[in-house]
Amino acid sequence: QDGVQSTRCDALADFTYTSATCSRGSPKAVVSLKPDTLLYRGDRVIFRCDIQGGGDTRWTYSWYWNNYTLQFPVFDVKASDYYITMQDISIWFVRQSDSGDYTCRGQSSDSQSSEISDAVTLTVVIPQAVLNVSPQRWLTEGDSVTLSCEITESSTNWTFSWHTVYPYRIIRDHDGDIVYGDSYTISPAAVNHTGVYMCRAESGERDGRIYYSNKQPLWITGESPPVSLIINPNRTQHFTTESLSLSCEDQSNSTGWTVRRYIDSTTELKCWTSVTGCTCVIGFLYKPFTGVYWCESESGENSNPVNITVHDGDVILESPVHPVTEGHPLTLRCLYRKTKSSILRADFYKDGSVLQTQTTGEMIIYNVSKSDEGFYHCKHPERGESPKSWVPVRGTWLERSSLQTLTGTGLERPPLLCNPFCWVSVRVSGTSGVETPFSVLMLISIIVTASLLVTIILLVTIILLVKCYRARAHTGEYRIQNTVIEE
């Protein structure tokens, strides 16, 4: 009976292992692999098939993947004297498609077959570096933001470093050393921190693989940018088919400014319609024009970024292009495509929650505070809803003075800090609304000078009083002397 079972096992040796049923006396094949059952794409894996109870018999081996005979190229690791046994095989560059169950079976020189091995499961993954931003990508100067990086599908120890894509810059601390760690905090954020960030993950094991994360832009709105991006119509959301003009304006009317935009990479905006002076006119808007726009000088100075949204729906939100100062009013309007005027009834949302319902299509916050900063949009029950727009709120000039004095005390030194003094802005009352910059040093100088003047005035007053007192005393003596002489 044993002979019959052995013959049956021999007859099935050329079929897949699911068809092979061997006698209890047949030796058992066992699969092992190294370095691990969980591998990264591109790793090398070595499989080995051993026959338990096979004695000194010489065996050749067959391999199976997910119940099918291996069809893709494998290499016999220990082939010698042209006698290929396939006991050890290797896949030099594993892919995700190589994941699955691997089994083997041996066949001896005397046509004896082993039992099929138990399956060993190989899993091939592609690690991805994922970069997240908290709390958000749009910030006002002085806010805090944390970038965090992690590797999916991996328990390996990783070393993380940080850099910006545009402009390219490795993140370093105050001492010039590269910043490492799975998180990077910027506090307080400054305009110079604006950029597109990525993290770099390097494996501390195996062959030191390197992965780069997704791109994450950070947009920081400053208090006193050297130039302003002027948009006409003066709003951040626009309907498709409308026209739009963009220009860069500064107080000195200097040249060399370029309008740039960011979608998934930074490019120079090409004016397809016409260019009048320093103004770029886009005669026909469509959705791909949606992006972040700013002005950039030849020396690398930037204006505040503006997120322009081109919407193909019937409703948009009219919101300020530039930051709103605390204490000032904020006006939002819900506009309808066909009339370009406010919708009679609209719900206004902040950060996804209903804020107000207005029958005029207009919402006004009369005394804006920092807590009013956020993402706004509006909705009409029949005509639809607008996209979201970020509305930044900046502090008063005194708060900005204190804030900018602290700027640069965070983990990273702003790379474009050219002036050793901090600058603040004072709003001059009047119809012009012009903001005049002056330095904190100038403010201190004014205070010291005023103090010195007050001190000098006091000293002069005291001296005059002393002299006056002495003069009066001398006059009194003279009168007494005259009285004595007359007597």
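The values are calculated or read from the model by the stated rules, or taken from the named source; none is laboratory data. All values reported here derive from a predicted model rather than from experimental measurement. Neighbour counts are summed over all protein chains in view; Cβ atoms, including those assigned to glycine, are modelled from backbone coordinates with ideal geometry.
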(message) When the residues of the range 309-351 are narrowed to those that are in contact with a Cys (Cβ under 8 Å, 6 or more places away or on another chain) and under 25 Å from PRO135 (Cα atoms), which ends up surrounded by the fewest Cβ atoms within 10 Å (Cβ to Cβ)?
(response) TYR349
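Which residue out of TYR349, TYR366 is at pLDDT 95 or above and either among the β-branched types (Val, Ile, Thr) or closer than 30 Å to VAL191 by Cα (or both)? Talk me through it step by step, then tell me what you get.
On the way: TYR366 fails: at pLDDT 95 or above.
That would be TYR349, the only listed residue that is at pLDDT 95 or above and either among the β-branched types (Val, Ile, Thr) or closer than 30 Å to VAL191 by Cα (or both).
Of everything in the range 152-164, what is assigned to a strand (DSSP E or B) and either surrounded by 15 or more Cβ atoms within 10 Å (Cβ to Cβ) or aromatic (Phe, Trp, Tyr) (or both)? Give them in sequence order. Explain how you work it out, then say what you get.
Within the range 152-164, the first condition is being assigned to a strand (DSSP E or B), and the residues that meet it are 158-164.
Within the range 152-164, TRP158, PHE160, SER161, TRP162, HIS163, THR164 qualify.
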(message) Which pairs turn up if I take residues in the range 383-394 that are more than 16 Å from PRO305 (Cα to Cα) and look for partners that are among the aliphatic types (A, V, I, L, M) and in a strand (DSSP E or B) with beta carbon separation below 7 Å, at least 6 apart in sequence or on another chain?
(response) ARG383/VAL315; GLY384/VAL315; GLU385/VAL315; SER386/VAL315; SER386/ILE316; SER386/LEU317
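From TYR102, TYR180, which residue is more than 13 Å from the chain's Cα centre (by Cα) and without any contact (Cβ under 8 Å) to a residue 24 or more places away in the chain?
Of TYR102, TYR180, the one residue that is more than 13 Å from the chain's Cα centre (by Cα) and without any contact (Cβ under 8 Å) to a residue 24 or more places away in the chain is TYR180.
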(request) Determine if the range 352-364 includes at least one residue that is among the polar types (S, T, N, Q), within 25 Å of the chain's Cα centre (by Cα) and either buried (at least 18 other Cβ atoms within 10 Å of the Cβ) or not assigned by the TED database to the domain that holds LEU246 (or both). (result) yes
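Given the criteria modelled with pLDDT under 90, assigned by the TED database to the domain that holds SER247 and of a type in the set (Asp, Glu), does GLU382 qualify? Working first, answer last.
Details: modelled with pLDDT under 90: yes; assigned by the TED database to the domain that holds SER247: no; of a type in the set (Asp, Glu): yes.
Answer is no for this residue.
Can you tell me which residue in the range 317-351 is farthest from the chain's Cα centre (by Cα), limited to those that are under 28 Å from THR241 (Cβ atoms) and among the polar types (S, T, N, Q)? Spell out the reasoning first.
Residues of the range 317-351 under 28 Å from THR241 (Cβ atoms): 317-322, 331-349.
Still in the running and among the polar types (S, T, N, Q): 319, 331, 339, 341-342.
On the way: SER319: 24, THR331: 29, THR339: 38, SER341: 36, SER342: 35 Å.
Among residues in the range 317-351 that are under 28 Å from THR241 (Cβ atoms) and among the polar types (S, T, N, Q), the one farthest from the chain's Cα centre (by Cα) is THR339.
Among THR103, THR69, THR123, which is surrounded by fewer than 13 Cβ atoms within 10 Å (Cβ to Cβ), modelled with pLDDT of 85 or more and within 30 Å of ASP50 (Cα to Cα)? Can you show your working first?
Details: THR103 fails: surrounded by fewer than 13 Cβ atoms within 10 Å (Cβ to Cβ); THR123 fails: surrounded by fewer than 13 Cβ atoms within 10 Å (Cβ to Cβ).
Sole residue among the options that is surrounded by fewer than 13 Cβ atoms within 10 Å (Cβ to Cβ), modelled with pLDDT of 85 or more and within 30 Å of ASP50 (Cα to Cα): THR69.
Being surrounded by 12 or more Cβ atoms within 10 Å (Cβ to Cβ), in the same structural domain as ASP118 (by the TED database) and at pLDDT 90 or above is the requirement here; does ASP50 meet it? Explain how you work it out, then say what you get.
Numbers: surrounded by 12 or more Cβ atoms within 10 Å (Cβ to Cβ): yes; in the same structural domain as ASP118 (by the TED database): yes; at pLDDT 90 or above: yes.
Judged against the criteria, ASP50 is a match.
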(request) Quick one: LYS287 ticks every box in (1) under 28 Å from PRO226 (Cα atoms); (2) surrounded by fewer than 19 Cβ atoms within 10 Å (Cβ to Cβ); (3) modelled with pLDDT of 90 or more except a single one, so which number is it? (result) (1)
(request) Could you check how many residues of the range 186-208 are surrounded by fewer than 17 Cβ atoms within 10 Å (Cβ to Cβ), outside any strand (DSSP E or B) and in contact (Cβ under 8 Å) with a residue 40 or more places away in the chain? (result) 4
(message) I'd like the full set of residues that are in a loop (DSSP other than H, G, I, E, B) and at pLDDT 90 or above, limited to the range 53-66.
(response) ASN66
(request) Test CYS149 against the criterion of being among the hydrophobic types (A, V, I, L, M, F, W, C), within 30 Å of ASN307 (Cα to Cα), touching a residue at least 40 places away in the same chain (Cβ under 8 Å) and buried (at least 21 other Cβ atoms within 10 Å of the Cβ), and give yes or no. (result) yes
